[in-house]
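FYI, it's all coordinate maths here, none of it is from the lab. Remember, it's a predicted structure, so these values are computed and weren't measured experimentally. Positions of Cβ are generated from backbone atoms using ideal geometry, with glycine treated the same way; all protein chains shown enter the neighbour counts.
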Amino acid sequence: MPVRDDSVSAPRTLRHHNVFLSASIPDPKRWDGPFDALEVTDAVVAAGRSVLALDGVLVTAAHPTIAPLLLYVAAEFPATEEPSVIVYQSELFDDVLPEPTRRFGEDGIGDLRWTPRVAGESPTPGRWNESLALMRRQMLSEADPIGAVFIGGMSGIIDEFELYRDLFPLRPVYPIGRPGGEARALAPRVESRVPHLFDGESYPVLFRQIMADIADELPD
């Protein structure tokens, strides 16, 4: 696969197509692999700005370490008639959803979409698996994203990567390696035209290349 040039020019608009972001800051109590929380944060912010700057729509699950970041990023851009950020969450987490996530819809910045909970589950690790699986499948099936970015994260990153690949086997995926987390483990499973996808540290440059790569796949 040819490698994209580092000096890539600004990509064309994404024309309101959806881009999926799977990201979280790992919880050291439940994950003991290497990661850098600040690098995850920087990469998520750069990803959000890159998508929104090109009139794309960012689709993600409402992870409490990520949703507030996207709220602030979306607030930097002019208001639009349609939501620029779509956040999915299972009704299982209704009682524990952080206030910044609820403000997506209340402030008119994004759209918070609920999916059904599975009976017998609770919002605690190990007891939410089926509700999250249902939410992820509904999210990706409805959103029909044209590309997917993976940053940091724990086992959920792998679940969302495998589901995305199952639903959209020919669409591009971009695991960002430098911040660590489970996204780094995805590197050997991906062939990419974007240089430094797994070790790049200038995230604005890296995501400009990623967006150009995604835009190239759009029909004329």
Mean 1/r over all different Cα pairs, inverted: what Kirkwood radius does the range 164-220 give, in Å? 12.1 Å
Would you kindly derive the ³J(HN,Hα) couplings of the range 71-84 from the backbone phi angles with the Karplus curve 6.51 cos²θ - 1.76 cosθ + 1.60 (θ = phi - 60°), listing them in order in whole Hz, with x for Gly and Pro? 4, 5, 5, 4, 5, 6, 9, x, 5, 10, 5, 9, x, 8
Looking at the chain, send over the antiparallel percent of its DSSP beta bridges, to the nearest 5. 5 percent
Degrees between helix 129-143 axis and first principal axis of the chain (Cα, 0 to 90, nearest 10): 40 degrees
Which distance in Å, rounded to a whole number, links the C-alpha centroids of the range 166-220 and the range 67-120? 25 Å
Burial ranking of peptide ranges 88-98, 62-72 (average Cβ count within 10 Å, highest at the top): 62-72, 88-98
With the charge dipole of the chain built from beta-carbon charges (+1 for Lys and Arg, -1 for Asp and Glu) about the Cα centre, the Cα from S22, F35, I214 projecting farthest to the positive end belongs to F35
Does anyone have the angle between helix 37-53 and the longest principal axis of the chain? Alpha-carbon axes, 0 to 90°, nearest 10? 70 degrees
Given the options F150, V87, L58, identify the residue whose Cα lies farthest towards the positive end of the charge dipole of the range 53-204 (+1 on Cβ of Lys, Arg; -1 on Cβ of Asp, Glu). F150
Thinking of the range 18-190 as a set of Cα atoms, what percent of all their pairs are more than 21 Å apart? 45 percent
Whole-number percent relative contact order across the range 127-210, with pairs defined as alpha carbons under 8 Å at least 6 apart: 25 percent
